Amino acid sequence: MQAVILVGGEGTRLRPLTSRQPKPVITLVDRPFLVYMLEWLRGHGVDDVILSCGFEPTKVRAALGDGEALGITLRYVVEPEPRGTAGALKYAEEQVGLDERFLMLNGDVLTDVDVTAQLAQHEATGAVGTLGLVPVDDPSAYGLVLCDETHAVAGFLEKPAPSQLEGIDRYYISAGIYVLERSVLQLIDADRNVSIEREIWPALVGHGLYGSQADGAYWMDIGTPERYLQGTFDILEGNVRTAAVQRLGADVTIAAGAQVGSLVVLGKGVTIGEGARVERAVVLDGVTVEAGAELTDCIVAPGATIGEGAIVRGGAVIGEGVRVGAGNVLAAGIKVFPDTDLPPGSIKF
Ligand code: GDD
Ligand code: MG
């Protein structure tokens, strides 16, 4: 089975994690994020994946290669300019030729949705397209999907305004997981930017578009630091079905008297100094945490140094190679960009 995964976005909301590494391959626990998606798809019979990229994917290619290690053929298609979510699919068609029925996915979701069940429903209804749906409390950042009792889509509202939510008692959103017949490609104009959410789904309402509700599944768009952290904790706690992960990398050094909590990822070569405390935090490869420093609810990118007694908490994201001098207090979602040198005691919240 063939799948097209869209990975053309810049991942701006995840900066500075994505300042040096593209979103698809930033490390999540112990592997490039996209590997979770590929492992999950492989488990549902996908063996041929086209990555639709918005810019030259050198770093993605370096991290994922040709997919052989995962039992998948991985191909890369690079758009000449951003074509939008449907335009990207159209452009991939010209490059590779898609099978009669294929999967299409947004490349930023951590999920264990049962795609096999979605495919079965797609066949049973004779759909042209079947959208995987998950329930959420707040649909405002997503595509809200209304279905009738036969699972046919009755309405698709991308990023709905509050006034559009009146009278709806349960919100199902598009999970960014689609089963599509090849005929959908005929609806997409070539050579221009086309949004699948704003142009193609609305056009297909009443013409073979169905929704497949995945109620018990795990699903998370990892596109913000808060959700990246939540996704990490959910993997560590086993809330999402993934292959086994390692939360401590090779060559980690933890000094006597340091405290490392359970919801912590320590990458390769991380050093934790005496009396330091780390809890609910992601500390990536080669980071040094000096004596007495405290890290909670934060992300520290590769090669950064957290100075003596410094405190990093409250959703802070510390970029690659940053040096946080002794005694700084970084909180309230602060983002420190790569290679910044913060002198001792320069920031306190
Ligand atoms: N190749 C390519 N070209 N990829 C793109 C482009 C493009 O022009 N634009 C966006 N993408 C990729 C992004 O990298 C991402 O993986 C995916 O398409 C979706 O784009 P986002 O920018 O993350 O969209 P969103 O999260 O606001 O909304 C989408 O996802 C929701 C679920 O997370 C929509 O599909 C919603 O309907 C859906 O509910
Ligand atoms: Mg997204």
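In table form, for the structure just shown:
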read-out	value
Unique residue being loosely packed, with under 14 Cβ neighbours inside 10 Å and out of contact with any Ser or Thr (no Cβ under 9 Å at 6 or more places or on another chain) when the list is A161, A124	A124
Strands (runs of 3 or more DSSP E) lying entirely in the stretch 223-318 (those with 1 or more residues that are surrounded by fewer than 17 Cβ atoms within 10 Å (Cβ to Cβ))	277-283
Members of the stretch 66-112 found to be of a type in the set (V, I, T) and surrounded by fewer than 22 Cβ atoms within 10 Å (Cβ to Cβ), listed by number	I72, T73, V77, V78, V96
Yes/no for I173 being of a type in the set (A, V, I, L, M, F, W, C), within 16 Å of ligand 2 (Cβ to nearest atom) and in the same structural domain as H207 (by TED's automatic domain parsing)	yes
Qualifying positions in the stretch 79-108 - out of contact with any Leu (no Cβ under 9 Å at 6 or more places or on another chain) and more than 9 Å from ligand 1 (Cβ to nearest atom)	P80, E94, Q95, V96, G97, D99, E100
All positions within the stretch 71-85 that are touching a Ser or Thr at 6+ places or on another chain (Cβ under 8 Å), over 21 Å from L38 (Cα atoms) and within 16 Å of ligand 2 (Cβ to nearest atom)	G84
Residue in the stretch 180-195 that is in the same structural domain as I222 (by TED's automatic domain parsing) and within 16 Å of ligand 2 (Cβ to nearest atom) present	yes
Among (1) surrounded by fewer than 14 Cβ atoms within 10 Å (Cβ to Cβ); (2) over 22 Å from the mean Cα position of the chain (by Cα); (3) part of a loop (DSSP other than H, G, I, E, B), the one test that Q186 misses	(3)
Options E68, E123, E94; residue that is touching a residue at least 24 places away in the same chain (Cβ under 8 Å) and away from ligand 2 (no atom under 16 Å from the Cβ)	E94
Criterion: in the same structural domain as V78 (by TED's automatic domain parsing), small (G, A, S) and either touching a Lys or Arg at 6+ places or on another chain (Cβ under 6 Å) or at pLDDT below 95 (or both) - qualifying residue of A203, A141, A154	A141
Subset of the stretch 142-170 that is without any contact (Cβ under 8 Å) to a residue 24 or more places away in the chain and within 16 Å of ligand 2 (Cβ to nearest atom) - its residue that is farthest from the chain's Cα centre (by Cα)	P160
Residues (part of a loop (DSSP other than H, G, I, E, B) and closer than 11 Å to H44 by Cβ) located in the stretch 106-142	D112, V113, D114
Within the stretch 190-214, tally of residues that are within 14 Å of ligand 1 (Cβ to nearest atom), out of contact with any strand residue (DSSP E or B) (no Cβ under 9 Å at 6 or more places or on another chain) and either part of a loop (DSSP other than H, G, I, E, B) or free of Cβ contacts under 8 Å to residues at least 60 places away in the same chain (or both)	4
Filter pass, A63 being more than 16 Å from ligand 2 (Cβ to nearest atom), in contact (Cβ under 8 Å) with a residue 24 or more places away in the chain, closer than 22 Å to R20 by Cα and surrounded by 15 or more Cβ atoms within 10 Å (Cβ to Cβ)	yes
Members of the stretch 1-15 found to be crowded, with 21+ Cβ neighbours inside 10 Å and away from ligand 2 (no atom under 15 Å from the Cβ), listed by number	A3, V4
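The values are calculated or read from the model by the stated rules, or taken from the named source; none is laboratory data. Source: prediction; values computed, not measured. Glycine gets a Cβ as well: all are built from the backbone with ideal geometry, and neighbour counts include every protein chain shown.
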